[in-house]
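The values are calculated or read from the model by the stated rules, or taken from the named source; none is laboratory data. Given the structure is predicted, the values throughout are model-derived calculations rather than measurements. Using ideal geometry, Cβ is built from the backbone for each residue, glycine included, and neighbour counts are taken over all protein chains shown. SASA here: full protein model, heavy atoms, side chains in, ligands and nucleic acids out. Shrake-Rupley method; radii C 1.70, N 1.55, O 1.52, S 1.80 Å.
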Amino acid sequence: MTDQDNKKEHFKMQVEEQKKVAKFLCEEAGFSKEVGMEVLEVADGYCSGRIRLEKKHLNPLNTVHGGVFFALADTICGIAAASTGYGGPTVQGDMDYMRPVKGKEIICTARVVKTGRTLTWVEGIITDDNGIEVARTKFIYYRLKETRHFGFESLE
């Protein structure tokens, strides 16, 4: 095995460990745990996650509260941003609610659109467990240097 191969293998191991930490922080830490978030998949610039819906997620109209959508999207999009090595706090979030949820869970899939010098742009789609799109979202995150965010090391 060459030195280059060793570096690649070490990097792959680091990324796998960081994915485990991101999953743990989302599912076992504070607010995310209370809401019932679950990370399904993490890759470079990508993340998917879900919330299995319960009575506590409903608003007075007996539909899923908009804040539940937003919390899931902000967290899953934030993990997608952090997976590129540039995690940080939310600068802006935008949500378009399309229809009420008919299923038993909501799933957010998030992809990084662009990473700039100081900001990372992420887009997300939220569907129910029937695959019906219920919301679209866009988030911008400030890119912190020399930090860990959702367990991912900064690239700088």
Test set (1) modelled with pLDDT of 95 or more; (2) in contact with an Asp or Glu (Cβ under 7 Å, 6 or more places away or on another chain); (3) closer than 17 Å to residue 42 by Cα; (4) not charged (D, E, K, R) - residue 154 fails condition number: (1)
Residue count for the range 106-128, restricted to those that are open to solvent by 60 Å² or more (accessible area, probe 1.4 Å) and touching a residue at least 60 places away in the same chain (Cβ under 8 Å): 1
When you check residue 103 against the structure, is it in contact (Cβ under 8 Å) with a residue 24 or more places away in the chain and surrounded by fewer than 13 Cβ atoms within 10 Å (Cβ to Cβ), yes or no? no
Taking the range 37-53, which residues are among the hydrophobic types (A, V, I, L, M, F, W, C) and farther than 16 Å from residue 106 by Cβ? 42, 43
Just to be sure I understand the filter: pairs with C-beta atoms under 8 Å, separated by 6 or more residues or on different chains, first member in the range 12-26 and in a helix (DSSP H, G or I), second member open to solvent by 80 Å² or more (accessible area, probe 1.4 Å) and at pLDDT 70 or above. Which pairs pass? 15/44
Sole exception among (1) hydroxyl-bearing (Ser, Thr, Tyr); (2) within 9 Å of the chain's Cα centre (by Cα); (3) open to solvent by 20 Å² or more (accessible area, probe 1.4 Å) for residue 48, by number: (3)
Elements of type strands (runs of 3 or more DSSP E) in the range 32-99, at least 2 residues being among the hydroxyl-bearing types (Ser, Thr, Tyr): 46-52, 90-97
